[in-house]
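Colleague: The following block contains the structure, expressed as structure tokens.
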Amino acid sequence: MSDIFQTYFAFILASLGYPVDDVRWSLGYCQGDGMRFTGCVDAKVVARRLLADKPVFMGLVFSAVGRGERINITASDHRYVHEHTMTADRSYDTDLTLAEDKAMSLLLSLVEEDIVSVSQRLRDDGYACIEAAPSDASVVVDRTFGDFGLKVSVQQEEAQYLADSGDRLYDLIDMIEIAKGRQGAVMVSVQLEHDGEEVGSSQLGGFSFTGDWQALASQRDFRSCVRELLGGACAEVREILGMEKRGHQTASIMAA
């Protein structure tokens with residue numbers, strides 16, 4: 001899943017004008033968790049977003065950047081990686097006009113607020129991705145048929161990989177859906193029991209789904225997957241019960 005986070009975070013940050021060379025995150029539900037990014041800001045891209053309603057200031061920023069002015073984001077804490085461990089600052093070594101200096105100061109103040117908001121949003125996306133499927137096996141179907149019981153459980157795949165369909169736009173959309181927790185992949189396991197003991201099982205990894213994993217039992221694709229797995233589990237049950245029956249018959253013959 002780290003590949004998905006790295007690619008998704010880098011894509012979003014680059015589109016916003018923020019650096020992607022040093023992107024770090026920790027999403028373990030612990031103190032100091034979060035994500036941060038450090039490096040040189042693409043001030044022109046950022047200005048187009050944050051100064052869209054102030055075209056004069058935007059033009060002054062472009063002029064200042066043309067003179068060599070820069071905004072950099074550095075890490076202020078090396079233990080944690082949350083949104084408040086980033087510090088934005090200007091280069092202050094460029095000969096600017098008063099108007100250009102004022103425009104850059106305004107942009108810097110907006111960047112200081114924006115990087116906190118962006119970091120929090122990407123952190124939340126990361127958690128949504130993690131929580132899109134259960135980390136432990138969770139039963140979504142539990143039924144009894146006479147002496148037999150059926151349990152269907154799902155569990156998040158330990159490793160999720162980026163799509164590589166050959167269509168970059170499709171793969172990009174797929175990555176965003178996964179990263180935002182709107183799409184996921186699980187291991188599906190079918191277990192058959194007889195008088196409380198497991199007599200057959202079958203499983204399939206990499207089952208892709210959209211929406212809430214707790215509603216999987218109502219999805220047509222999931223039910224089709226379960227039917228196929230159930231066929232394999234039933235074959236195992238027939239084999240086991242057939243062996244037991246033959247064993248009982250042999251024991252009866254020997255006893256006679």
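Colleague: Which residues, taken from the range 50-69, are assigned to a helix (DSSP H, G or I) and closer than 20 Å to ASP93 by Cβ? Break it down stepwise before answering.
Modeller: Quick first cut of the range 50-69, residues assigned to a helix (DSSP H, G or I) only: 50, 55-66.
Scanning the range 50-69 gives LEU60, VAL61, PHE62, SER63, ALA64, VAL65, GLY66.
Colleague: Would you mind finding the one in ARG67, ARG36 that is more than 16 Å from SER119 (Cα to Cα) and of a type in the set (D, E, K, R)?
Modeller: Numbers: ARG36 fails: more than 16 Å from SER119 (Cα to Cα).
Only one candidate qualifies: ARG67.
Colleague: Let me ask something else. Quick one: VAL186 ticks every box in (1) modelled with pLDDT under 85; (2) not in a helix (DSSP H, G or I) except a single one, so which number is it?
Modeller: Here VAL186 clears every test but (1).
Colleague: I'm trying to understand the selection: among the residues of the range 160-180, which are modelled with pLDDT under 80, surrounded by 14 or more Cβ atoms within 10 Å (Cβ to Cβ) and not in a helix (DSSP H, G or I)?
Modeller: Those that are modelled with pLDDT under 80, surrounded by 14 or more Cβ atoms within 10 Å (Cβ to Cβ) and not in a helix (DSSP H, G or I): GLN160, LEU162, ALA163.
Colleague: Right, something else. When the residues of the range 117-152 are filtered to those that are within 18 Å of THR85 (Cβ to Cβ) and surrounded by 17 or more Cβ atoms within 10 Å (Cβ to Cβ), which remaining residue is modelled with the lowest pLDDT?
Modeller: Out of the qualifying residues, it is GLY126.
Colleague: Given the conditions (1) within 14 Å of the chain's Cα centre (by Cα); (2) closer than 15 Å to VAL154 by Cβ, and given that GLN214 satisfies all but one, which numbered condition is not satisfied?
Modeller: Tallying (1) within 14 Å of the chain's Cα centre (by Cα); (2) closer than 15 Å to VAL154 by Cβ, GLN214 fails exactly one: (1).
Colleague: Of the residues in the range 204-249, how many are part of a loop (DSSP other than H, G, I, E, B) and either in contact with a strand residue (DSSP E or B) (Cβ under 9 Å, 6 or more places away or on another chain) or at pLDDT below 85 (or both)? Walk me through how you get there before you give the answer.
Modeller: Residues of the range 204-249 that are part of a loop (DSSP other than H, G, I, E, B), as a first pass: 211-212, 219.
In the following step, the residues that additionally are either in contact with a strand residue (DSSP E or B) (Cβ under 9 Å, 6 or more places away or on another chain) or at pLDDT below 85 (or both) were identified as 211, 219.
Going through the range 204-249 one residue at a time, the tally reaches 2.
The rows are residues; the columns are (1) in a helix (DSSP H, G or I); (2) closer than 20 Å to TYR127 by Cα; (3) in contact with a Ser or Thr (Cβ under 8 Å, 6 or more places away or on another chain).
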site: THR7; (1), (2), (3): yes, yes, no
site: TYR18; (1), (2), (3): no, no, no
site: THR38; (1), (2), (3): no, no, yes
site: ARG48; (1), (2), (3): yes, no, no
site: ILE73; (1), (2), (3): no, no, yes
site: ASP77; (1), (2), (3): no, no, yes
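Colleague: Right, here's the next one. So how many residues does the range 27-48 have that are free of Cβ contacts under 8 Å to residues at least 40 places away in the same chain, surrounded by 13 or more Cβ atoms within 10 Å (Cβ to Cβ) and not hydrophobic (A, V, I, L, M, F, W, C)?
Modeller: 4
Colleague: Please work out which residue is modelled with the highest pLDDT, limiting yourself to the range 1-54 and to residues that are of a type in the set (A, V, I, L, M) and touching a Cys at 6+ places or on another chain (Cβ under 9 Å). Give the steps one after another, and end with the answer.
Modeller: Start the filter on the range 1-54 by keeping residues that are of a type in the set (A, V, I, L, M), which leaves 1, 4, 10, 12-14, 16, 20, 23, 27, 35, 41, 43, 45-47, 50-52.
After this cut, where a residue has to be touching a Cys at 6+ places or on another chain (Cβ under 9 Å) as well, the list is 1, 4, 27.
On the way: MET1: 64, ILE4: 82, LEU27: 90.
Top of the filtered list is LEU27.
Colleague: Now a separate question. Could you grab the pairs with beta carbons closer than 9 Å, sequence gap of 6+ or different chains, first residue in the range 139-153 and not assigned by TED's automatic domain parsing to the domain that holds ALA215, second one small (Gly, Ala, Ser) and assigned to a loop (DSSP other than H, G, I, E, B)?
Modeller: Close Cβ pairs (under 9 Å, with a partner that is small (Gly, Ala, Ser) and assigned to a loop (DSSP other than H, G, I, E, B)) do not exist here.
Colleague: In this structure, is LEU108 touching a Lys or Arg at 6+ places or on another chain (Cβ under 6 Å) and either in a helix (DSSP H, G or I) or at pLDDT 95 or above (or both)? So that I can check it myself, show each step before the final result.
Modeller: Values: touching a Lys or Arg at 6+ places or on another chain (Cβ under 6 Å): yes; either in a helix (DSSP H, G or I) or at pLDDT 95 or above (or both): yes.
Here the answer is yes, as LEU108 does meet what is asked.
The values are calculated or read from the model by the stated rules, or taken from the named source; none is laboratory data. For clarity, every value in this text was computed on a predicted model and none was experimentally measured. FYI the Cβ positions are ideal-geometry reconstructions off the backbone, even for glycines, and counts take in every protein chain you see.
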